[in-house]
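Asker: Pasting a structure below so you can have a look.
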Amino acid sequence: MSNEKIQAEKEKYEASVAKAIARFPERPHLPEQRLYTPLDIKGDDYAEEISFPGVFPYTRGVQPTMYRGRFWTMRMYAGFSTAEESNKRYRLLIENGATGLSCAFDLPTQIGYDSDDPISEGEVGKVGVAIDSLADMEKLFDQIDLGKVSTSMTINAPASVLLAMYIAVAEKQGVSPDQLKGTIQNDILKEYAARGTYIFPPRPSMRLITNIFEYCSKNVPKWNTISISGYHIREAGSTAAQEIAFTIADGIAYVEAAIKAGLNVDDFAGRLSFFWNAHNNVLEEVAKFRASRRIWAKIMRDRFHAEKPKSMMLRFHTQTAGSMLTAQQPDNNIVRVALQTAAAVMGGTQSLHTNSRDEALALPSEASVQIALRTQQIVAYESGLADVIDPLAGSYYVEAMTDRIEKEAMEYIKKIDEMGGAVAAIEKGYIQKEIQDSAYKWQMDVESGARTIVGVNKFQVEEEPPKGLLKVDASVGEKQVKKLHEMKAGRDNEAVKAALADLKKACEDENENLMPHILAAVKTYATLGEICNVMRGVFGEYEAHISL
Amino acid sequence: MEKKIRVLVAKPGLDGHDRGAKVIARALRDAGFEVIYTGLRQTPEQIAEAALQEDVNVVAMSILSGAHPHLFPKVVNLLHEKGMKDVLIIGGGVIPEADIPALKEAGIAAVFTPGTNTSDVVDFIKNNVKM
């Protein structure tokens, strides 16, 4: 059918429904059109914009085989209490068919404080596992073969220290660094903008990150050196287009910093990875994932002149949206997570964490985690959604929305470029403000009823408080502090002192790569807090920009 | 002119999740209150000191890390030590039902959990603040 004919038919259709549709009350937040046709994607050049999986611009996926080769990595984020407790949970997940590990660290660890620091009181072992030194890391991975498993670590400001500990544990297991597979989050810019576990100011933070890029390209070549994260930006309240726009703007800043530090783009870009949110609107999310791949490929080719295909491929991990889980009627969350999983899979994710039904209430129980993992397995093996590559390509609606999200995101990226890049935009508070505005609008829409959340503002019931929630042992803090003090009494304190003095000197010399010095320090059992305090002394601490 | 209700919105502990705190702060401001937001990572001492300095009527704290059983009562005690016995202290975040009675016992007037309407918080403050 020619476009003219379609246009004519469309007008006929519009005229025929005009009267009928007017009888229904308008629902807010619907796409502009109720129906999409070939006319909405007539501008798309298939070869240029969509193409084939494994082929530029990777709209249809980064690997040629996608899930016809193997499924995504089913990677459940876990960790709480002590290293011993978390080790048990990891081994349980592996027994249940999880194919990768994902470590959650407690907040003192994420912000570079030891468990006996006064500021850590009440927080030790709460949202993740407490790691004070190499001794804890050895227990965390006890009986887990680091040569086989791939491990993702949600660690940012002190990422270099935790990576060094991981390398040191592997060496003790007889596994060399070049065999290690995994990811450190290592994305400080979104910490300033949305997640909050920063330590140092942007400049030294960017140095730490580029030091890691350089060190890993030579020594830990299979390691994903950064997971540039939109997940937390979305959780903080952004829209889908903002999520990928602000994250890709952060990605541009990292690439620029690394090039400025003298690295060749093709030497590190292939190890950059991304982290997206899978939110409730299934089709919009699929379009978002597809648009993000296309945008990054174009930026890497056209702006940074990358030549290796790997440098242009946006590979990503996905987590289902924690902020969309409801405390009300928590079993409904199983359905939400299943739909979010469908979106991530149809969007071509490389790995996936599915949240558990009880996470609006507490850390997940073992039973809930098992349902969440089973959700991925059902989608993989039973649903058919993973049978064909990029199954929604060619949908008039999804293709049009992919174009729309790309356009919206590029407008933001242009604006951020004009402000001087992501670091400047964060320092001005621009990105934070945009996210906050979207978060506030969402909340007001929920309260006015313009947005329906089942069980929260519609279809509510009287409920009993939920049972079987996980409770972290309240004595974990004391236990961890006791272990830390015993470890300190048994180590060679002279060696620790020397390693920390050496690290301080390295910090003061901007041209020195800090990774070897940090690795040497962790091997003496210098603690995370001791190492970070040396860096605090030289680098200072970040002062947040507060605006409402 | 009627004196405006002054509220300190605070994030005790180390967690960086302040979407809720900021939404609440803005909703309270839109409801006509004077709102001061502390920013992240405040110690109980810093929060009590800020409440005193800013002479607030309400302290509204948010924690999502699970540190609430430890940190909320600590802030209450410090506020009372500083003579701020009339200040209305409320809390919110990912807080299991089972923890709420102990928090109330410790002096937290109300605990708001996920799914709360901001207008409920506004109403609670209006009905319970002592000025």
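The values are calculated or read from the model by the stated rules, or taken from the named source; none is laboratory data. Here the structure is a predicted model, which is why all the values come from computation and not from measurement. So basically every Cβ, Gly included, is an ideal-geometry build from the backbone, and we count neighbours across all protein chains shown.
Asker: Can you pull out every residue in region B:2-20 that is free of Cβ contacts under 8 Å to residues at least 60 places away in the same chain and either assigned to a helix (DSSP H, G or I) or on the phi > 0 side of the Ramachandran plot (or both)?
Answerer: Within region B:2-20, B:Gly13, B:Arg19 meet the criteria.
Asker: For A:Ala342, are the conditions met, namely being in contact (Cβ under 8 Å) with a residue 60 or more places away in the chain, within 13 Å of chain B (Cβ to nearest Cβ) and surrounded by fewer than 21 Cβ atoms within 10 Å (Cβ to Cβ)?
Answerer: no
Asker: If we scan region A:371-381, do we find a residue that is more than 14 Å from chain B (Cβ to nearest Cβ), buried (at least 24 other Cβ atoms within 10 Å of the Cβ) and touching a strand residue (DSSP E or B) at 6+ places or on another chain (Cβ under 6 Å)?
Answerer: Yes: region A:371-381 contains one or more residues that are more than 14 Å from chain B (Cβ to nearest Cβ), buried (at least 24 other Cβ atoms within 10 Å of the Cβ) and touching a strand residue (DSSP E or B) at 6+ places or on another chain (Cβ under 6 Å).
Asker: Also: May I ask you to list the residues in region B:1-33 that are more than 17 Å from A:Gln443 (Cβ to Cβ), in contact with a Leu (Cβ under 9 Å, 6 or more places away or on another chain) and not hydrophobic (A, V, I, L, M, F, W, C)?
Answerer: Once the filter is applied, which keeps residues that are more than 17 Å from A:Gln443 (Cβ to Cβ), in contact with a Leu (Cβ under 9 Å, 6 or more places away or on another chain) and not hydrophobic (A, V, I, L, M, F, W, C), region B:1-33 yields B:Lys11, B:Pro12, B:Gly13, B:Asp15, B:Gly16.
Asker: Could we say that A:Glu434 is at pLDDT 95 or above, touching an Asp or Glu at 6+ places or on another chain (Cβ under 8 Å) and either part of a helix (DSSP H, G or I) or on the phi < 0 side of the Ramachandran plot (or both) here?
Answerer: No.
Asker: Of all residues being surrounded by fewer than 16 Cβ atoms within 10 Å (Cβ to Cβ) and in contact (Cβ under 8 Å) with a residue 12 or more places away in the chain in region A:473-497, which is nearest to A:Ile531 (Cα to Cα)? Just the residue, please.
Answerer: The residue in question is A:Ala495.
Asker: Next question. Quick test of your reading of the structure: B:Asp30 fulfils all but one of (1) within 13 Å of another protein chain (Cβ to nearest Cβ); (2) touching a residue at least 40 places away in the same chain (Cβ under 8 Å). Name the failing condition by number.
Answerer: (2)
Asker: Confirm whether B:Val122 is buried (at least 21 other Cβ atoms within 10 Å of the Cβ) and either within 11 Å of another protein chain (Cβ to nearest Cβ) or closer than 16 Å to B:Leu8 by Cβ (or both).
Answerer: Criteria not met by B:Val122.
Asker: Another question about this same structure. As an exercise: evaluate B:Pro73 against (1) within 28 Å of A:Gly125 (Cα to Cα); (2) more than 14 Å from chain A (Cβ to nearest Cβ) and give the number of the one condition it does not meet.
Answerer: Going through (1) within 28 Å of A:Gly125 (Cα to Cα); (2) more than 14 Å from chain A (Cβ to nearest Cβ) one by one, B:Pro73 breaks only (2).
Asker: Can we say A:Leu470 is within 30 Å of B:His68 (Cβ to Cβ) and outside any helix (DSSP H, G or I)?
Answerer: Yes: the conditions hold for A:Leu470.
Asker: Could you list, in sequence order, the residues of region A:434-447 that are more than 10 Å from every other protein chain (Cβ to nearest Cβ) and more than 18 Å from A:Asn280 (Cβ to Cβ)?
Answerer: Selection gives A:Glu434 alone.
Asker: Shifting gears a bit: Scan region B:80-113 for residues that are within 14 Å of another protein chain (Cβ to nearest Cβ) and either in contact (Cβ under 8 Å) with a residue 60 or more places away in the chain or touching a helix residue (DSSP H, G or I) at 6+ places or on another chain (Cβ under 7 Å) (or both) and jot them down.
Answerer: Listed by number, the residues that qualify are B:Gly91, B:Gly92, B:Gly93, B:Ile95, B:Asp99, B:Ala102, B:Leu103, B:Ala106, B:Val111, B:Phe112.
Asker: Based on what the data block shows, is A:Ile50 among the hydrophobic types (A, V, I, L, M, F, W, C), surrounded by 14 or more Cβ atoms within 10 Å (Cβ to Cβ) and out of contact with any Cys (no Cβ under 6 Å at 6 or more places or on another chain)?
Answerer: Answer is yes for this residue.
Asker: To continue, here is another question. Those residues that are within 14 Å of chain B (Cβ to nearest Cβ) and not hydroxyl-bearing (Ser, Thr, Tyr), I need them from region A:118-150; list them, please.
Answerer: Passing the criteria: A:Pro118, A:Ile119, A:Glu121, A:Gly122, A:Glu123, A:Val124, A:Gly125, A:Lys126, A:Val127, A:Gly128, A:Val129, A:Ala130.
Asker: Restricting region A:514-538 to residues that are buried (at least 19 other Cβ atoms within 10 Å of the Cβ) and not aliphatic (A, V, I, L, M), which is farthest from the chain's Cα centre (by Cα)?
Answerer: A:Thr524
Asker: Would you mind finding the one in A:Pro221, A:Pro204 that is surrounded by fewer than 24 Cβ atoms within 10 Å (Cβ to Cβ) and outside any helix (DSSP H, G or I)?
Answerer: Only one candidate passes the filter, namely A:Pro221.
Asker: Limited to region A:309-347, what total is found for residues that are among the hydroxyl-bearing types (Ser, Thr, Tyr) and under 15 Å from A:Glu284 (Cβ atoms)?
Answerer: Number of matching residues: 2.
Asker: Separate question: Evaluate the following for A:Asn355: is it in a helix (DSSP H, G or I), of a type outside the set (Gly, Ala, Ser) and free of Cβ contacts under 8 Å to residues at least 40 places away in the same chain?
Answerer: Here the answer is no, as A:Asn355 does not meet what is asked.
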